[in-house]
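Peer 1: For reference, the structure I am asking about is given below.
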Amino acid sequence: MAVLTCYLCEQPVITEVPGDGHVFCCHGCRELWRLLGDEEIQELKSRPGINWENLRDNIAVPTPAIALNADPQTVTIDIDGMWCASCSILVEQVLTRMPGVLGAQIDFATSTAQVAMDASATSSKNLENAIIKLGYDAKERDRDDSDLESDRDLTLLRRFGVSAVLTVFVMMFSVPIWSGYLPTFPPTLRDILEYGLWAIATPSVFWSGWPFLRGAWSSLRHGVPTMDLLIAIGSLSAYGYSVYTIFAGGRYLYFDTATMFITFLLLSRNLEVGTRNRAAGVVRMLSRLSVKSAWLLKDGQEVQTDISQVGIGDQVVVRPGEKVPVDGTVIAGHSAIDEAFLTGEAIPVDKSVGSIVYAGTVNSTGRLIIQALRVSTDTILAQTARFVKAAQGTQGQWRKLADRVLRVFVPAVLAAGVLTFLYWLLVAKIGTAPSMLHMIAVFVIACPCALSVATPLAVLAGAQRLGGYGMLLRSDDALERAADVDTVVLDKTGTLTTGQMALTGLWPETPELLQLIGSVEIASEHPVATAVSKYVEQSGTPLVPVSQFAEEPGWGVSGEVGGRHLRIGALDGDEHFDGDMAALAETWQEEGRTIAKVVVDGRIAAILSVGDQLRPQAREAVRMLKSQGMDVWMATGDSAEAAAMIASQVGITHYLARQKPLDKAQFVETLQAEGHRVAFVGDGINDSPALVKSHLGIAMGTGSDIAIEAGHLTLTRPNLISLADTLTTSKQVTRIIKQNLLWALIYNTLALPAAAMGYTGPFIAAVSMLLSSAFVLANSLRILGFSPKRYIVSTSVVLGVGTSLALIAFLGL
């Protein structure tokens, strides 16, 4: 079967947008084609491997002339309503051709425009108007991102709250209408009830329902039917007919139908509101790691320079406590660098001349001079940010299915409603008002409330269930993704282990040695010294003063305690241990532990080891995952020895060591290319690319903010058994989502013809729509243990007993 494709981007067309004899997938493609012209489009298409998402790189844009008295400013504009990458290109091309605009960059993933302009020649209001004329909503961002997103979310929540409260009152006051008592009311009381319902329903329809009305108007302007259009027609038809009925003296009002539409669909919008900003949140987190300026070494002087002015080969000075601004090679100095961004490991890495350092890492102790190797957008940090940004923002398969169905369903319902009205008016000739009732019944009964909330309601119930496991959802498709997982990749540090250094071995361990070691290590702030000091403190060993204390960078510490000289530091490789000590040191090295020697008065008196602690439930969690048929891997930035030790302890046979952020993501991509559905579990900044690239990303709640932002799920408790429970629950959630969608489709298939043939009036249509949505709600609540069958049986017993007693009383028995 031939597939209709867009004339510009050649993507499959779901809803046709005609223009000048061609068919486009959206109005953005159509307007971009008109802007560039057919000749330039054909020339671009002739280029091999043209990527329409990167089309802006291939379009010639006139270079603006900058006046001497120019007032350059940069503004950020939020854009709502962009359909595809062509929309962002269209907006960018229109803005760059405006007088006074020096440059523009549109980010489709975050729906924002960064515009450099000459404020003396144009204004942000002109930019907004230009974007609005293209059919989008635009508003300048004049506050912090988080404030703006919070306001948007709060406004949507307020709309839902107002609509929900008003709907309850409308339904309550509508009881006399549907029970048939309205005609018997005194005229004054009837007017109070009718006008009261009108007053209560108006804010719900027009204020709470404003997002749908606005979307419907945009849909009409561009000739693209959307669900917003169907919702607007259904709610406004019921509302308008009810107002007409008040003045015409009719019996039935349908304000309850109108408000119920708005409430159910605002519920769906609120359940999904957090998903849209995921990409922006992660990228924003990564950008906070970047450095805005750097200290350049020029002619022996340190000069602070904007990071954009740093070039490859420049010498950059990094002081203690500062972030490294670029990727480079150390040419002078010695220090310990916190590379948690790259490896996720707790121990800072010693750096000296010739070592590689990376942008975003933190210089802990000494002053370094580095020669820049990668700058600006080429650093590992910038590459990670781009990777996260590109991999974000996908939808679940069932949500995509619902959206595809709705795109066909909406125009079909609109056509069915119009045809129903024309049939009853022109063929059956029953009059205008009854014909309108039949048409409204079609719009009401077919309004896809159940279809639109089928996925969000099940996800909400699943989220509450997972909350008991300590697992939080960060995207509405997380449970759908989890149901398909067949491979789990676990990070080591902070995931399988606690991520905190601890003393794991000391031999021989005597009170005298503990006192000597603790007295020296307490004076150091190195993570290894901190782990040793904590152990000594917990043992209750008293400490004594230390003199002549000194830290030897890259090796360890030394000092005088009670007239004895101690040196505690890393192994040199040429030590000669006694028999038992030698065997123990070899065992520890094979296990990947960090080993230090304790030299007292020139003689090796003891050895100690520090390392990460395994989480108590790690082995049981791995066993449970394997029992579910999962293929379990471990990927870590640590050494091969440390990886092998942890893998053997938890029962993992497949593992990878020395993995950098993009290496982990590449490994996940390789597994998925082989047909696996991969869940990645991690906690560090270094895990964020793999978290977003994987089919399912699970972040440890004790990890970095960026990892939490990048994951689809967040585990708030250090209990890995919740991983297995989550995968089990997700399968139940996905099964219920399928049932909800199937029910919604069957309901609409049967109800739409019934309404068109006149078997259901607006009242029956409203009740049917409500029951359909109630079925979806009850089915979703089964995830939380709700049993409709149990309640039906209980209700039947009560009704049966009540009926029997009434019958006995009626018969006088």
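The values are calculated or read from the model by the stated rules, or taken from the named source; none is laboratory data. These numbers come from a predicted model, not from an experiment. Because the Cβ atoms are built from the backbone with ideal geometry, glycine has one as well, and the counts that use them run over all protein chains shown. Side chains are part of the model used for accessible areas, which takes the heavy atoms of the whole protein and leaves out ligands, DNA and RNA. Shrake-Rupley method; radii C 1.70, N 1.55, O 1.52, S 1.80 Å.
Peer 1: If the Cβ limit is 8 Å and pairs must be 6+ apart or interchain, which residue in the range 674-694 that is closer than 14 Å to VAL632 by Cβ and at pLDDT 80 or above pairs with which residue that is open to solvent by 10 Å² or more (accessible area, probe 1.4 Å) and aromatic (Phe, Trp, Tyr)?
Peer 2: none
Peer 1: Just wondering, is there one or more residues in the range 664-673 that are touching a strand residue (DSSP E or B) at 6+ places or on another chain (Cβ under 8 Å) and modelled with pLDDT under 90?
Peer 2: Yes, the range 664-673 contains a residue that is touching a strand residue (DSSP E or B) at 6+ places or on another chain (Cβ under 8 Å) and modelled with pLDDT under 90.
Peer 1: What are the residues in the range 671-692 that are surrounded by fewer than 24 Cβ atoms within 10 Å (Cβ to Cβ) and not acidic (Asp, Glu), if any?
Peer 2: LEU671, GLN672, ALA673, GLY675, HIS676, ARG677
Peer 1: If you scan the range 177-226, which residues turn out to be within 30 Å of PHE409 (Cα to Cα), at pLDDT 85 or above and among the hydroxyl-bearing types (Ser, Thr, Tyr)?
Peer 2: THR202, SER204, SER208
Peer 1: Moving on to the next point. Take the range 524-545 and flag every residue that is within 22 Å of THR365 (Cβ to Cβ), outside any helix (DSSP H, G or I) and open to solvent by 50 Å² or more (accessible area, probe 1.4 Å). Walk me through it before giving the result.
Peer 2: Just the residues of the range 524-545 that are within 22 Å of THR365 (Cβ to Cβ), to begin with: 524-534.
Those still in the list that are outside any helix (DSSP H, G or I) too: 524-526.
Answer for the range 524-545, where residues must be within 22 Å of THR365 (Cβ to Cβ), outside any helix (DSSP H, G or I) and open to solvent by 50 Å² or more (accessible area, probe 1.4 Å): GLU525, HIS526.
Peer 1: Here's a follow-up. When you look at LEU571, is it out of contact with any His (no Cβ under 8 Å at 6 or more places or on another chain), more than 19 Å from ALA529 (Cα to Cα) and either at pLDDT 85 or above or open to solvent by 40 Å² or more (accessible area, probe 1.4 Å) (or both), yes or no?
Peer 2: Values: out of contact with any His (no Cβ under 8 Å at 6 or more places or on another chain): yes; more than 19 Å from ALA529 (Cα to Cα): no; either at pLDDT 85 or above or open to solvent by 40 Å² or more (accessible area, probe 1.4 Å) (or both): yes.
No, not satisfied.
Peer 1: Hey, TRP743 hits all of (1) closer than 27 Å to ASP663 by Cα; (2) open to solvent by 30 Å² or more (accessible area, probe 1.4 Å); (3) at pLDDT 80 or above but one; which does it fall short on?
Peer 2: Unmet for TRP743, out of (1) closer than 27 Å to ASP663 by Cα; (2) open to solvent by 30 Å² or more (accessible area, probe 1.4 Å); (3) at pLDDT 80 or above: (1).
Peer 1: Taking the range 524-562 as the region of interest, how many residues are closer than 20 Å to GLU512 by Cβ and of a type in the set (Phe, Trp, Tyr)?
Peer 2: Total satisfying the criteria: 2.
Peer 1: Okay, next question. Would you call GLY569 closer than 16 Å to SER524 by Cβ, more than 44 Å from the chain's Cα centre (by Cα) and touching a residue at least 12 places away in the same chain (Cβ under 8 Å)?
Peer 2: yes
Peer 1: Has the range 631-638 got any residue that is among the acidic types (Asp, Glu) and modelled with pLDDT of 90 or more?
Peer 2: Yes, some residue in the range 631-638 is among the acidic types (Asp, Glu) and modelled with pLDDT of 90 or more.
Peer 1: I need the helices (runs of 4 or more DSSP H) fully contained in the range 579-667, keeping only those with at least 3 residues that are touching a residue at least 40 places away in the same chain (Cβ under 8 Å), of a type in the set (A, V, I, L, M) and open to solvent by less than 10 Å² (accessible area, probe 1.4 Å).
Peer 2: Details: elements: 579-590, 618-627, 640-650.
Hits in the range 579-667: 618-627, 640-650.
Peer 1: Moving on. Among the residues of the range 268-297, what is the count of those that are open to solvent by 30 Å² or more (accessible area, probe 1.4 Å) and at pLDDT 85 or above?
Peer 2: 2
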